[in-house]
Each structure stands twice: as structure tokens, then as C-alpha cells.
Amino acid sequence: MRPNAARWPRLVAAGAVFAFLAGPGALAVPGVARAQAGPPPGATGAAPAQGGGQAPFELVDPKVFRVCGDPHNLPYSDTQGEGFENKLAELLAKALGKSVDYTWYPNAPGFVRRTLAIYKCDVIMGMPQGDDIVQVTNPYYRTAYTLVFKPGSGLDGIDTLTDPRLKDKHIGIIAGTPPATNMVLDGLIAKAKSYPLVIDTRYDSSAAAMIKDIVDGTVDGGVLWGPLAGYYARQSKTPLTVVPLLKEKNGPRMAYRIGMGVRYSDQNWKRELNRLIREKQGEITALLLEFGVPLLDENDHLITSASNAK
């Protein structure tokens, strides 16, 4: 889901250090690949006319919650409905009395252009605020890039990339993501291990590969987008520590607000989704916490339960 430095987290799947600035971030959270091949701002919202002189319509089928999704992109979504964006779509569709239907397309260049922009679906479940390739709703969560490591590996207590204890460490980083810039500025990139940003999610996962390397000691730690770090840390049989990077002074910011993406013309649809986000925020927060997403309030405090969500 997302300036555009926020866009990365969603593509997090996988560059030059500054490549993410050219598009939303693959976000993937924020969302890079999605935006690079998409139409210019506003074009995604150009609705086809219904007939002579009539105003543009918004939803092709008002009875169906039509989602644009990646078929192999856990923890976000998959065709089995096991991702948190799948669960979120079900939650909102139920509140609206709608069924859920998907248009599947890899989270890669052209995603918006070949899904939302041509009315094959009506909502992208995760887009960072600030991403202008689509119109973004109010946020339903806020999270950050994190440092992941094994307890007792020499990184305990480190919560910023400027910590001098990192200077001789081998740190994993996904190329083209915002913290890659920070690592360059902090002098950490020479010893870093880089993982690709753009991958085929049917066969590979840069996040899973990084976690494996952390567990087996190939790297001392890794810098990873929060939802991925939390999810894979929970999957790991080896205990892992996940620390949000909230004290960075160099390079892009590390924390982003994530909403949903709709066409620019879909004002009523956006308002309806905003209402649902507000009314269902407690359930949404609880869902994200079940997937291990490190959630932050506006004061950078970790949210540990739906009851203390702000």
C-alpha cells in the first residue's frame, strides 16, 4: 500500500537504493512496482461513461465487494484467502451485506493499470497514504520498517541503524526500499546482503529468504517491512526479535499509514470505506495483531491490543 517514498512497503517482495522514489512503494506498502507502470494521477479514476451525458458510475456490481489482489503474497493475500487483506475484505463485505470476488494480478509493474483502472475490481486492500497512483482512504493501520534478529546475537538493545554496534555486522536489506537509503547514509551497505525487490511471488519470497538467513546465521540481522517481519517471525521456530525503527534521522521516514486504494472518481465508495474503517477499527486492529503486524499509534507507541488502539 504510498512524497512517494511511502509507496514501497507493499512490493516489499523485493534495485537501486533510490529506485523506490520513482513510484509508489510496492507497496507493497507503501508500493513501488504497482505505480511505475500505472497511469498518471487521475487517469486511474477515469470512469467509462454509462451513456450520453450521464455521470460516471462507481461500482460495476454494487452487490459484490470486488478486490484487486495478488494471488501469492502472504501475509497480505492469496487465493486460499489466508492473508490478512483477505480476512479484512471478508469483514468489510459482511458489514455491507456483499459477497467477495477477486481479480488476481501479481503485485508488480502494471498492477493498478490492469486491475482497478479498467474496472475489473473496485478496491486495493492496502495502499500507503501519499501514494498518488490511486485515491487512498483513511488509514486503518500504521506500521514501520523493523530490525529483525535472534536474541543473544549481539544486537539486543539496538533500535536505530545509526547504532555503532552495527558497523561490523552483516545486515540483510531488500534493495530499493527506503531503509536501503538509510543504510547507505549510515555506512552499513558495504557489508550488507541485498535481496531483490521485484520477484515472482509464485516461486520466491525475499522476506522468507532473509528470515532464513537470520536464523541460520548467514546474516546477523535484517531490515524488513513491519507486516512481513512480524508474520515471518511468528512462523519461525527460532525465536526472533522485531524492533520498529522509529529513531532514524537519516534518509526516508520508516513509519507509514496504510489505507485502501480506490479510483479518483469513486468518492461515494471512498466515503463508505472510510465509514467502515471507523466503525470496524477495533476488529481490524485485532485481525492485524493476529498476523503479528507491529502496529503503531500516532505517538510511535506499539499497540498491543484492539482496546488500546488510537
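Derivation of every value follows stated rules applied to the coordinates shown; laboratory data play no part. Please read these numbers as outputs of a predicted model, since none were measured by experiment.
Data table
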read-out: Set of lysines near Lys87 by C-alpha distance (under 18 Å), chain-local residues within fewer than 8 positions excluded; value: Lys98, Lys280
read-out: Spatially close lysines, pair count over the stretch 144-244: Cα under 13 Å, gap of eight or more or interchain; value: 7
read-out: Along each principal axis, Cα extent of the stretch 144-244, largest first, Å; value: 38, 28, 24
read-out: Contour excess over end-to-end distance, with Cα ends at Asp101 and Ala286 and 0.36 nm allotted per residue; value: 64.2 nm
read-out: Placed amide H near Asp122: partners under 5 Å, 5+ positions off or other chain; value: Arg66, Val67, Cys68
read-out: Gained length - Ala306 relative to Arg275, 0.36 nm times residue gap less alpha-carbon distance; value: 9.4 nm
